[in-house]
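Below is one structure, written out as structure tokens, with a few remarks after it.
The values are calculated or read from the model by the stated rules, or taken from the named source; none is laboratory data. Just so you know, these numbers come straight off a predicted model, no measurement behind them. With ideal geometry, Cβ positions are generated from the backbone for all residues, glycine too; neighbour counts draw on all protein chains shown. These area figures cover heavy atoms from the full protein model, side chains too; ligands, DNA and RNA do not enter into them. Shrake-Rupley method; radii C 1.70, N 1.55, O 1.52, S 1.80 Å.
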Amino acid sequence: MIIAIKNSTSKEQFENLIAWLETRNVSVHISKGEYQTVLGLIGDTRNIDVELLEGLDIVQKVTRITDPFKNVNRKFHPDDTIVSVGDALVGGGNFAIIAGPCSVESEEQIIAVAKSVKQSGATMLRGGAFKPRTSPYDFQGLRAEGIELLLEAKKETGLPIVTEIMDASHLHLFEEVDVIQVGARNMQNFELLKELGRTKKPILLKRGLANTLKELLMSAEYIIAGGNENIMLCERGIRTFETYTRNTLDLSAVPMLKELSHLPVVVDPSHASGISRLVKPMALAAAASGADGLMIEVHNDPVHALCDGAQSLTPEQFDDVARCVNKVLEAIK
Ligand code: PEP
Ligand code: MN
């Protein structure tokens, strides 16, 4: 970290700042030029608050040289992390297709969808049991019963299951769940992230509606700092000024995240576009961009879905997407 000091600074103010910085366990390298004094901080600067320093009268500018995320940073872990979920691997050249309905609605529905997506090559089954809905009057999910039904579908098909947690107090219900999803709305629920860091469960961490990649990586850092390295990042579209699509798929996030971090990156073209006919082109583009997996909403009767029918594929449409995704993966090998 580099701190440029204002010329008007008195000797006493300068010495006070150095003394304070040294209490933060960093060594301070002073470089006094003719027009400008610059401090170079050497050591672990994670605990130094940039905004606090910038607020000081005597500080002109603060520049961070190193990234604030350490454990998820590729610089300190050059090899890809491979997350293992049942028989499925994600990352390091292993591609995962997670498919299933937005919400678990009934035993017949989840088992029918599970069987069809498995036949088409899905490697994991998704389904929301606890649903984060904008309106409290909308279907909120089958909650604990939804998880039970997912486990039934797992028993029938062998597919590992992925489902969203909304509150750390529900964690006991997720004991047999294979992947715990943290949804966009909870990406910065730091207490939840800390709790998930204490588990060993694979976590699918979705990017928040209006969050930067740095913020997504800092949220992953919360989980990894607690000891859980099984994290998949998920780009699911961000909110922009565009209104024709539900969100805007930020595909450049894929190569950028993979450059910055060793964690696998999954793309969700369903929530990113909100429109079923856009799911295929976006899924193909995501595969071509180097993503490690896809998460796609599939419903056996999208028109009557209790949630997100407009973006859900029929099993036949999903079959076509999965085939074409495999062709893209072959082509870029
Ligand atoms: C979901 O995957 O069901 C979901 C609610 O997605 P997001 O958190 O990305 O909106
Ligand atoms: Mn959904």
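Here is a list: 213, 233. Which entry is within 21 Å of residue 91 (Cβ to Cβ) and surrounded by fewer than 22 Cβ atoms within 10 Å (Cβ to Cβ)? That would be 213, the only listed residue that is within 21 Å of residue 91 (Cβ to Cβ) and surrounded by fewer than 22 Cβ atoms within 10 Å (Cβ to Cβ). Please enumerate the residues belonging to the stretch 250-299 that are touching a Phe, Trp or Tyr at 6+ places or on another chain (Cβ under 9 Å), over 22 Å from residue 82 (Cα atoms) and more than 15 Å from ligand 2 (Cβ to nearest atom). Within the stretch 250-299, none qualify. Filtering 25, 73, 7 for residues that are under 24 Å from residue 219 (Cβ atoms), polar (S, T, N, Q) and touching a residue at least 12 places away in the same chain (Cβ under 8 Å) leaves a single hit, 73. Residue-level check: of (1) within 24 Å of residue 303 (Cβ to Cβ); (2) touching a Leu at 6+ places or on another chain (Cβ under 6 Å); (3) of a type outside the set (Asp, Glu), residue 168 misses just (1). Of the residues making up the stretch 284-333, those that are surrounded by 21 or more Cβ atoms within 10 Å (Cβ to Cβ) and among the β-branched types (Val, Ile, Thr) number 4.
Quick grid of which residues meet (1) surrounded by fewer than 21 Cβ atoms within 10 Å (Cβ to Cβ); (2) touching a residue at least 60 places away in the same chain (Cβ under 8 Å); (3) more than 21 Å from residue 267 (Cα to Cα); (4) more than 22 Å from the chain's Cα centre (by Cα):
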{"site": "81", "(1), (2), (3), (4)": "yes, yes, no, no"}
{"site": "85", "(1), (2), (3), (4)": "no, yes, no, no"}
{"site": "94", "(1), (2), (3), (4)": "yes, yes, no, no"}
{"site": "113", "(1), (2), (3), (4)": "no, yes, no, yes"}
{"site": "128", "(1), (2), (3), (4)": "no, yes, no, no"}
{"site": "132", "(1), (2), (3), (4)": "yes, no, no, no"}
{"site": "137", "(1), (2), (3), (4)": "yes, no, yes, yes"}
{"site": "143", "(1), (2), (3), (4)": "yes, no, yes, yes"}
{"site": "153", "(1), (2), (3), (4)": "no, no, yes, yes"}
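Does residue 191 fit the bill of being open to solvent by 30 Å² or more (accessible area, probe 1.4 Å), more than 16 Å from ligand 2 (Cβ to nearest atom) and in contact with a Leu (Cβ under 9 Å, 6 or more places away or on another chain)?
no
So which residues in the stretch 250-271 are within 15 Å of ligand 1 (Cβ to nearest atom) and farther than 21 Å from residue 323 by Cβ, if there are any at all? Within the stretch 250-271, 250, 253, 265, 271 meet the criteria.
State whether the residues of the stretch 265-281 include one that is assigned by TED's automatic domain parsing to the domain that holds residue 161, part of a loop (DSSP other than H, G, I, E, B) and of a type in the set (Val, Ile, Thr). Yes - at least one qualifying residue is present in the stretch 265-281. Test of understanding: among 233, 193, 205, which residue is within 16 Å of ligand 1 (Cβ to nearest atom), under 15 Å from residue 272 (Cβ atoms) and modelled with pLDDT of 95 or more? None of the others qualify; the one that does is 233.
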